[in-house]
Amino acid sequence: MIRFNNVQKHFGDLHVLKDIELEVAKGEVVVICGPSGSGKSTLIRTINRLESIDGGDILIDGHSIYDASRSLNAQRQQIGFVFQQFNLYPHLTALENITLAPRHLAGLGKQEASDLALGLLEQVGLSDKSRHYPSQLSGGQQQRVAIARALALKPKILLFDEPTSALDPEMIGEVLGVMKSLAHHGITMLVVTHEMGFAREVADRVVFIDRGQILESAAPQAFFSNPAHPRARQFLNQLLSPLHLAGETV
Amino acid sequence: MSLGGYHFDWSAVLSGQPLDWLLHGMGVTLELTLLAGVMATLLALVLLSLRLAGPRPLQWIGAGYITLFRNTPLAVQLLFWYFGGVVWLPESARNWLNAGHQLFGIGFPSTELLVGIWSMGLFTAAFLAEELRAGVRAVPQGQLEAARSQGFSQWQSLRLVILPQALAHAWQPLVGQYLNLLKNSPLAMSIAVTEIMYQTSQIESFNFHGIEAYAVASVIYLLLGVVLSAVLTSLNPSPAGLRSNRRAD
């Protein structure tokens, strides 16, 4: 469904994505992990062209996303994106945040859009917050509204860019719970996260990326029990026991 | 009442012909301020979209316009358009403007008033556009990214997501610019627009009661300013979400 063909990207002298080859099947849940600055956020942002690429190609359902005959805005409507900082629209209520795209992009009437939004809010467990503004919601609630907003146009693909990194620890669970409930219901999900529990439990595959290169792509079981690449091993050690000094082996 | 030998006579200003002149002047000041304000607002939105979303050459034109109109005196601009601008119009148009007409039962603005509206609209638009742009820049980049990632076009993102927030950020400075427009309007007397100050100086030469006339004019400006400021402030579009950071529960 999504295919990276030898994708290259530079930020000035920095080769931030290097020879990326990746294929994600329809409905698959892929967790992308790696040290900070490794290029994992950039990788998923190339899929809806929030970041451009310098070489190679990205195909969705066999069509290049750079095909000039296909409208960028129409392509983006098929891809929901969830940001680390939520990026809810602060001047709109939770309900209006969700109805904005259905009303102005899908041409839904006010009532229709509102029904849709209420259904989505219920799905993320926030039916009672529809009239609240983002500033009146906790971080975890905001991120759940943001997920509902990303679902509003019934996308085929959902991209998560460190969705729990800006949250207080006690709110991470509610967001991961919503993400888990979405997995394996047909939507293809790419999740950049450090939540290895989520990866282990929900992902079909874990992709490890470092210094712009995909070093490992394996089922969670294999990845966590026996990571093939030394840098993946090191990364996991640091993540699972943060007090270990970098480079120290167990 | 007498002060330093000067005998104050308020009835010399607040009755008879001087009062008629002042009331007429107040009407003209309001007409000038409101129409120039509407023109400046529309033009400022055009300038803003040019600067934010236009192709490069149009962005430069927008920036050049703002530099030119913000950095030259309004008094010069008024005289430029009056003496330098009107002559470019075809003679038939000039004759038509000078002839006087009725529009919706009220007098069509005189050539002087039209040039006044035109000049002050162009001048004020440059300031409004800059306040709006500052408001847009105060909206976090993530807002545009969120809107574009949903599939909104650049223009839809601006209209539905960025501008409502920018307007809320920029509202108080914008109110200040509309007040400046009111307070700049006396400059139009230099091209014989019969607004408040024009009438005041006419009273001064008519009966030498300039002190009373200027005092009354000041009070009129003060009242107009207070009302304008109150009305505009009450129209503040800041939605509840931007106004408070209180938690609901």
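What follows draws every value from the coordinates through simple rules; no lab data is involved. Every value quoted in this text rests on a predicted model; they were computed, and no experiment measured them. Note that we place each Cβ from the backbone using ideal geometry, even for glycine, and neighbour counts take in every protein chain shown.
Kindly indicate which of A:R231, A:R144 is among the basic types (K, R) and within 19 Å of the chain's Cα centre (by Cα). Reasoning before the result, please.
On the way: A:R231 fails: within 19 Å of the chain's Cα centre (by Cα).
One residue alone meets the criteria, A:R144.
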Inset, instruction - May I ask you to list pairs of residues, at least six apart or on different chains, whose Cβ atoms are under 6 Å apart, with the first in the range A:123-142 being more than 8 Å from chain B (Cβ to nearest Cβ) and the second being of a type in the set (S, T, Y)? - result: A:R131/A:T93
Inset, instruction - Kindly list the number of the only condition in (1) within 25 Å of A:F224 (Cβ to Cβ); (2) free of Cβ contacts under 8 Å to residues at least 12 places away in the same chain; (3) in contact with a strand residue (DSSP E or B) (Cβ under 7 Å, 6 or more places away or on another chain) that fails for A:I2. - result: (2)
Inset, instruction - Could you check B:K183 against (1) within 11 Å of chain A (Cβ to nearest Cβ); (2) basic (K, R); (3) touching a residue at least 24 places away in the same chain (Cβ under 8 Å) and say which number it fails? - result: (1)
Inset, instruction - List the strands (runs of 3 or more DSSP E) that sit entirely inside the range A:23-117 and contain at least 1 residues that are more than 10 Å from chain B (Cβ to nearest Cβ) and small (G, A, S). - result: A:55-60
Legend entry - Residue among B:P173, B:P237, B:P164 that alone is out of contact with any Gly (no Cβ under 7 Å at 6 or more places or on another chain), assigned to a helix (DSSP H, G or I), within 11 Å of another protein chain (Cβ to nearest Cβ) and in contact (Cβ under 8 Å) with a residue 24 or more places away in the chain: B:P164
Legend entry - Hey, B:L3 of a type in the set (A, V, I, L, M, F, W, C) and surrounded by 12 or more Cβ atoms within 10 Å (Cβ to Cβ) or not: no
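If you scan the range B:128-156, which residues turn out to be of a type in the set (G, A, S), at the interface with chain A (Cβ under 10 Å from one of its Cβ atoms) and under 17 Å from A:H91 (Cβ atoms)?
In the first step, residues of the range B:128-156 are kept if they are of a type in the set (G, A, S); the result is B:129, B:134-135, B:138, B:142, B:146-147, B:149, B:151, B:153.
Add one more test, that the residue is at the interface with chain A (Cβ under 10 Å from one of its Cβ atoms), and what stays is B:142, B:146-147, B:149, B:151, B:153.
Matches in the range B:128-156: B:G142, B:A146, B:A147.
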Inset, instruction - List the number of the failed condition for B:N98; all other conditions in (1) more than 14 Å from every other protein chain (Cβ to nearest Cβ); (2) under 21 Å from the mean Cα position of the chain (by Cα); (3) not β-branched (V, I, T) hold. - result: (2)
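Restricting to the range A:17-41, name every residue that is without any contact (Cβ under 8 Å) to a residue 40 or more places away in the chain and within 22 Å of A:P163 (Cβ to Cβ). Quick ask: steps written out before the conclusion?
Quick first cut of the range A:17-41, residues without any contact (Cβ under 8 Å) to a residue 40 or more places away in the chain only: A:23, A:36-37.
A:S36, A:G37, listed by residue number.
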